[in-house]
Amino acid sequence: DGLPGGSLIYMSPEQRRGEEVGPAADLYPCGVMLLEMLLGHPPLDSAQALRGVNLLELEACWRDAGRGDVPGVRQEMLALARSLVDPDPARRPASAAALAGRVEQLIQLEQEARDQEAVQQRTASLT
């Protein structure tokens, strides 16, 4: 069939087109999986992937993924996911190490938000 091996929904656009791929193609599926975790289901199906649907253009996907219990963190996660699934590999994170650094920042941001929430709950219980 001329397509490279792999699951279409996790394949970068350049890989689906049979173009030369680099490290950015390996990061694309991380964005798809992050979206899948935020949504609770894959953000697109194989038919959409085969047609070359641009994930950045699926408005309902981003709206639904933006619902969460720590809104500031959720928006940061969405920004990371958007960068990972950008159809232009040059706009994706430069390396797995760069991605890991952003994930570490998100973990710290979420922990700070949860700590602040806990302090507010304790303060409210004292009044």
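The values are calculated or read from the model by the stated rules, or taken from the named source; none is laboratory data. Source: prediction; values computed, not measured. Please note: Cβ atoms are built from the backbone with ideal geometry, for glycine as well, and neighbour counts cover all protein chains shown. Surface accessibility is based on the protein's heavy atoms, side chains included, excluding ligands, DNA and RNA. Shrake-Rupley method; radii C 1.70, N 1.55, O 1.52, S 1.80 Å.
Among the candidates Leu39, Leu27, Leu35, the residue that is in contact with a Lys or Arg (Cβ under 8 Å, 6 or more places away or on another chain), touching a residue at least 12 places away in the same chain (Cβ under 8 Å), within 15 Å of Arg82 (Cβ to Cβ) and surrounded by 14 or more Cβ atoms within 10 Å (Cβ to Cβ) is uniquely Leu27.
Inside segment 29-69, residues that are part of a helix (DSSP H, G or I) and among the polar types (S, T, N, Q) make up a count of 2.
A Cβ distance below 7 Å, combined with a sequence gap of six or more or placement on separate chains, defines the contacts here; from segment 53-71, residues that are modelled with pLDDT under 70 reach residues that are small (Gly, Ala, Ser) in the pairs Val70/Ala113. Looking for something modelled with pLDDT of 85 or more and among the aromatic types (Phe, Trp, Tyr) - is there at least one such residue anywhere in segment 8-19? Yes, segment 8-19 contains at least one residue that is modelled with pLDDT of 85 or more and among the aromatic types (Phe, Trp, Tyr). Only one of the numbered conditions (1) part of a helix (DSSP H, G or I); (2) under 23 Å from Arg17 (Cβ atoms) is violated by Pro87, and that is (1). Checked against (1) open to solvent by less than 50 Å² (accessible area, probe 1.4 Å); (2) over 24 Å from Gln15 (Cβ atoms); (3) in contact (Cβ under 8 Å) with a residue 24 or more places away in the chain, Leu109 passes all but condition (1).
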